[in-house]
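The values are calculated or read from the model by the stated rules, or taken from the named source; none is laboratory data. The structure displayed is predicted, hence computed values, not measured ones. All Cβ positions, even for glycine, are placed from backbone atoms using ideal geometry, and neighbour counts span all protein chains on display.
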Amino acid sequence: MGNAIAIAKKELNIYFATPIAYVMFMLFVVIGSYFFLRLLGAYELASLQYMRFNAPEMANRLNFQDSIFRNLFGNLGVILIFIVPFLTMRLIAEEKRQKTIELLYTTPITSGSIVWGKYLAALVILFCTLLLTITYPVLIQIVARDQNGVEWRSVLLGYAGLFLMGAAYMALGLFISACTESQVVAALITFVLLLMTWIIGWSAQEAEGWVRELVTYLATVSHLDSFSRGTLELKDVVYFLSIITLGLFATHRAVEAHRWS
């Protein structure tokens, strides 16, 4: 485990010594803030309309979780599809291109330590990225200051769902990076793969029976939406953990195959 942590530290130094992390942070916050302000404006408009038509009971039914954060988490999930490929594309592909990975092979460091070290670094970047947006519910709570404030349990579950989805995306991106020496190719393939896991749910409306249930289960958006509603279900956790396990296992096999080729 010590070797994995050492590799993770090295990767984090590279992330923060180059513009990669800072650019991704900026893009995520800027685009996320745009969606947040749009959703907040729509919530305020709906509240004013209910009050104008003397329907205070309808206004009281409005809550930040359903009106703002449920949609916001979905939008942030889409942003991750565009950001994750750029965060994972260089993790192993760049090492292979520069032949520096051969230096790791000559040390007592195992392939598992290499994979875990790089994956842990990616998770730290993901955590920092999501942490920057925690200001959204904090600001709403400060402004609200009443019984209709932020439902923190639902918000935190939404962030947990985003983190698990991002972790699954990172595992898939890491595997693609281990299969090529080109960062551009790794980024493009990862983007297409992640996009497919999102839009596959659109075809569920055209299917019926067990096919519809299967397609819905394979779509990441359906599992993220469960977290966004403030519900914690075992099938959603198992789904994301299965992708993470599969991605890391495939990455380990790819690194092992390259090591002995």
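Among the residues of region 84-100, those identified as in a helix (DSSP H, G or I) and crowded, with 23+ Cβ neighbours inside 10 Å are Val84, Pro85, Leu87, Thr88, Ala93.
Only one of the numbered conditions (1) modelled with pLDDT of 80 or more; (2) assigned to a helix (DSSP H, G or I); (3) more than 16 Å from the chain's Cα centre (by Cα); (4) polar (S, T, N, Q) is not met by Thr216, and that is (1). Of all the criteria given as (1) more than 30 Å from Leu103 (Cα to Cα); (2) in a loop (DSSP other than H, G, I, E, B); (3) not aromatic (Phe, Trp, Tyr), the one not satisfied by Glu181 is (1). Name every residue in region 224-244 that is out of contact with any Asp or Glu (no Cβ under 7 Å at 6 or more places or on another chain), surrounded by 13 or more Cβ atoms within 10 Å (Cβ to Cβ) and part of a helix (DSSP H, G or I), in order of residue number. Matches in region 224-244: Leu224, Asp225, Ser228, Asp236, Val237, Tyr239, Phe240, Leu241, Ile243, Ile244.
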